Structures are given as structure tokens and as C-alpha cells.
Amino acid sequence: MIDYRTLKVALLGAGSVGSNVAKLLLDHGDELAARVGAGLELVGIAVRDVDAPRRTDLPRELFTTDARSLILSADIVIELMGGVDPAREYVLLALTSGADVITGNKALLAEHGPELFAAAEQVGAQLYYEAAVAGAIPIIRPLRDSLAGDRVERILGIVNGTTNFILDRMDTAGDDMESALEVATELGYAERSDPSADIEGYDAAAKAAILAGLAFHTTVPLESVHREGITSVTAQQVEAARAGGYVIKLLAICERVTDEGGTEGVSARVYPALVPREHPLAAVRGVHNAVFVQAAAAGDLMFYGAGAGGLQTASAVLGDVVSAARRHVVGGPGVAESTHADLPVLDVGAVRTRYQITLLVTDAPGVLSRIAAVFARHDVSVETVTQTVASARVPSAAPAGSADGREVPAGTATLVIGTHVAFESALAATVETLRASEEVVRVTAVLRVEGV
Ligand code: NDP
Ligand code: HSE
């Protein structure tokens, strides 16, 4: 038996992820010790209620409500409580006391990352967060280490499992948003009390801020991430997308952009978009996540797997624990966060994308040319136009025409217009003008097209 030195590990939180981390630490201690070259002793688990019933069988004597004392006794602190307060205070306490910290808390990092990384750097501690983005999928380390010598140009990610599950149900089972959300809630994916972090895109936006910061060596504040959730996506839009060879996905997009004035910067945004069926992200089903990275030298890379789940996410946490523990054993400075590029984070208007716009218009001579003139006036080039005429004989001729679920009156036509790439600001202005145009009865759907 090798006589290893022992590193003290404190765990904050014993929920879905924390309880699995504790179990793995306790069950695989010997193997982890051999891998690290030091024993890992779980010295305590801080929770709110030590008597709360728990699904995982963990020694009662490890539980405490005194998180501060526990933190101060440890070499490595694992924060898996979630939320910003008191997680921020505890992580700062751990770092300033010289402990390395592992967290899966994307909300905390997106809001307070710079403060926490600065605190770590000051004392030479490390902050690891592989579990914070896309659960079990290794994406933080590949961006920070494996691609450190390359130039990442763009990241397209499905980083929220709940919304991917909902959109997938709508696509494959024909559910509407409400019933797909009900199923997601029943299965425990969406929060029963408040699913907004997922469906309004907050969770994905926090992850986009983290990914963009890491990929472009730039501080990307959460407020600068353009965010649209999936609540406006209708069953009719999903059906029309399918008919057109697309699938709707909630994407987190991080990319280098140059605005109209020539300023180079970065963009981070989250919105539902049409993705061609042949794109690798279109095949990401259910609660799975995937991150598609385009780098100058490496080309296209795809990272795919479980984006959530207690046991799956615990795998990412344990990887960080081993890295932190190895650093204690062999020394070295670890990997510092770097924001040396310090690029400006540009407004979504500076992004170049393409739109698919569905319009209900009056069916009369000259309408099509007047609509086309609106696009031309905003310097937006039209790529495709399809028209379906509503008539008494074929009332449901155009699924796309009823993209907002409302009735299609006779004497109208549905136009589905796909654009070439243009500045988002020009596309948005085009839609505004169309909304105010006499011949447009209503704009029934506007979706970006990504991944073409
Ligand atoms: P849970 O809500 O299941 O568990 C939270 C745990 O933290 C509970 O044990 C709770 O104690 C404890 N806790 C909460 N507040 C306090 C406090 N003030 N003081 C002490 N203990 C506290 O969270 P998850 O395990 O789902 O998530 C943990 C973290 O991991 C979050 O940041 C989440 O975003 C992240 N994550 C989660 C994933 C998942 O699939 N669940 C995937 C990827 C990341 P008690 O048990 O007494 O209530
Ligand atoms: N709520 C998240 C999701 C899991 O649905 O992907 C934690 O990041």
C-alpha cells in the first residue's frame, strides 16, 4: 500500500451533481489517489438542511451547514450549490484562503467571472469549471488548452438540453410548445416552479458568455449577450421548417465580427434559428448538447454528449478535481485565464446573418415588386421567394402562412422570403418597414438561418 499524502476536499452542495460527485469520490478513492499521487479525503459536505432526504446514500456525519469552516479546512473546494449568492462569497473565501476551486456554476461565472479569476490569480489558486458549460462534454479544456495555439473563429452550440428537448418534441412528435414543456417538466428537465432560465435563454446566454470569453481571450459580460428564448416558436413554424428542409434549434453563437464601420470585435448571442437538416447540429436530439467549433487551422470540430444530468456532470467535475489535485502534487502555475485580446463586444446589429421572413400579403398586382423594393432599399439581397395563395378551396395550403397560428384570410398570399447574408441591423430594419407596409397584412414569422 502506497502511503500518499492526503488532500482535503470540501463539497458545497449535495443535489443532483454534488451527491454524485461525493459518491464517486468515496467509491473510487483508491483509484483517484493512484492517478493523482495523493489521497483525496472528502472532509465535509455543506448543505442547507442536513436532515433533508437524499437519493444517494452518503455518510450523515459528513453533512454540515457551516460552509465557511468547511471551506477554510480544505485544499480543494467544489462548489455545486448553484445561484450567485452565497456561492460567490464562498468561492471568494476559498480562493483567497489559497484553495483551488471547482465549480459548475455558469450563472456565477457569467456574472462574476473576472472578479473570481482575479482573486485566484492574486494568490496563485486555480478556478476550474468544465461542468459549467454543456455538462459532461469536454469543451472548456479543449478551448483553453487544446486549441490555445489556434484561432477560433466561430462557435455554434446547442448548450441547453431542456430547450433542445422541447424543440425536438415539437419537430418529431408534433407537440406544441405548451405540451412539450409539460413533458420536459414531467421528466425533470425543466424546473417546475420556474422554467424561464431555460426557455427564455438565460442559461444558454450565461454559457455563451463563458465560451466567447474563453475562445476570444476577451471579457464578455453577460449583459452584452443578445438573448432570445424559444417561447415565440410555434408548432406551425416547426412544421414549415421541416417542409423547407430545416430544423429549429436554440443556438448559442459566439464569433469574431467586423461591423459596418470596420471595427473588429466579438459577438455572443442566443436565439432560435433554422438549421439545415444536413448540418451536424440538426442531428442533436432530445436533451443532448453539442458544440460546433470552427478554428482557422483545425477546421470544423464537433463536441457532443450529455449536457446535463447529475452523474454525467459529475464526470466533468471529477476531471477538474484530478487536475487540481495533480497541481498540488507536482506544482506548477496551472493555466491562467487570459483576456489579453480585449476585443470589443459588438451589438447584435453588427452581426452578418440571413433571415427567413414569412409574410401574409394582399394578393394584388404589384405587391411582390413593392415588397422586393423594401429589401432593396435596405441593401438586403433576396435569395429565395415562395408564394402560396390562400383560397376558399385550399384553406390550409400553406403551413408557413399560418406560422403564427392565426387564420389566413382569402385574397391574401403567403410569401416566404429567404435572404442572402446581410447585417442584422439592415435585416431588422427591413422587417420593421415591412410591418408598416400597406400590402403586408402581417409578418407571421422571422427566423435567422444559421449553419449554411
Ligand atoms: P441542486 O439544486 O440539485 O442542488 C443544490 C445543492 O446545494 C443542494 O444540496 C442544496 O442543499 C445546496 N445548497 C443550495 N444553497 C445552499 C446554501 N446557501 N448553503 C449550503 N448549501 C446550499 O443543484 P444541481 O446539483 O442540479 O446543480 C449544482 C450546480 O451545477 C449548479 O450551478 C448547476 O447550474 C450546475 N450544473 C448542473 C447540471 C445538472 O444537470 N443538474 C449540469 C451542469 C451544471 P439542500 O440539499 O440542503 O437543499
Ligand atoms: N438546465 C440546463 C439544461 C442544465 O437544460 O441544459 C444545466 O446547465
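In order along region 243-259, phi translates into HN-Hα couplings of 4, x, x, 10, 10, 8, 10, 7, 10, 9, 10, 10, 7, 7, 9, 10, 7 Hz, rounded to whole numbers, per the Karplus curve 6.51 cos²θ - 1.76 cosθ + 1.60 with θ = phi - 60° and x for Gly and Pro. Per-residue ellipticity at 222 nm for the chain, helices alone: DSSP H runs ≥ 4 residues times -39500 (n - 2.57), over residue total, nearest 500 deg cm²/dmol? Dividing the helical sum by the residues of the chain leaves -10000 deg cm²/dmol. Annotation for region 229-275: GluC sites (Glu not before Pro) lying in DSSP loop with at most 12 further Cβ atoms inside 10 Å of their Cβ are E260. Just the protein heavy atoms count here, and of the accessible area of the chain at 1.4 Å, carbon and sulfur take up 50 percent.
Across region 312-323, computed HN-Hα scalar couplings (Karplus, 6.51 cos²θ - 1.76 cosθ + 1.60, θ = phi - 60°) run 4, 5, 4, 4, 5, 5, 4, x, 5, 4, 5, 4 Hz from first to last residue, x flagging Gly and Pro.
Residues whose amide H lies under 5 Å from that of G44, counting only those 5 or more places away or on a different chain, are L11; hydrogens are built 1.01 Å from N in the peptide plane.
Region 236-314 and region 140-171 have Cα centres spaced 6 Å apart. Rounded to the nearest Hz, the phi-derived 3J(HN,Hα) couplings of region 364-370 under the Karplus curve 6.51 cos²θ - 1.76 cosθ + 1.60 (θ = phi - 60°) are 9, x, x, 5, 4, 5, 5, where x marks glycine and proline.
Taking amide H positions as modeled 1.01 Å from N, with prolines and chain starts lacking one, the residues under 5 Å from R442 and 5 or more places away or on another chain are L360.
By definition, a body whose alpha carbon gyration tensor gives a ≥ b ≥ c is oblate when a/c is 1.5 or more and a/b is not larger than b/c, and region 80-146 fits this oblate description.
Considering only DSSP states other than H, G, I, E and B, which trypsin sites (Lys or Arg not before Pro) in region 275-347 qualify as loop sites with at most 16 other Cβ atoms within 10 Å? Of the trypsin sites (Lys or Arg not before Pro), the ones in loops of region 275-347 whose Cβ has at most 16 other Cβ atoms within 10 Å are R277, R285. Take every Cα pair under 8 Å whose residues are at least 6 apart in sequence, average their separation, divide by the length of the chain, and the relative contact order is 16 percent. Reducing region 46-90 and region 364-384 to their Cα centroids gives an inter-centroid distance of 61 Å.
The values are calculated or read from the model by the stated rules, or taken from the named source; none is laboratory data. It should be emphasised that the depicted structure is a prediction, and the values quoted were computed from it without experimental measurement. Cβ coordinates were reconstructed from backbone atoms using ideal geometry, including for glycine residues, and neighbour counts include every protein chain displayed. Just so you know, the surface numbers come from the protein's heavy atoms only, side chains and all, with ligands and any DNA or RNA stripped out. Shrake-Rupley method; radii C 1.70, N 1.55, O 1.52, S 1.80 Å.
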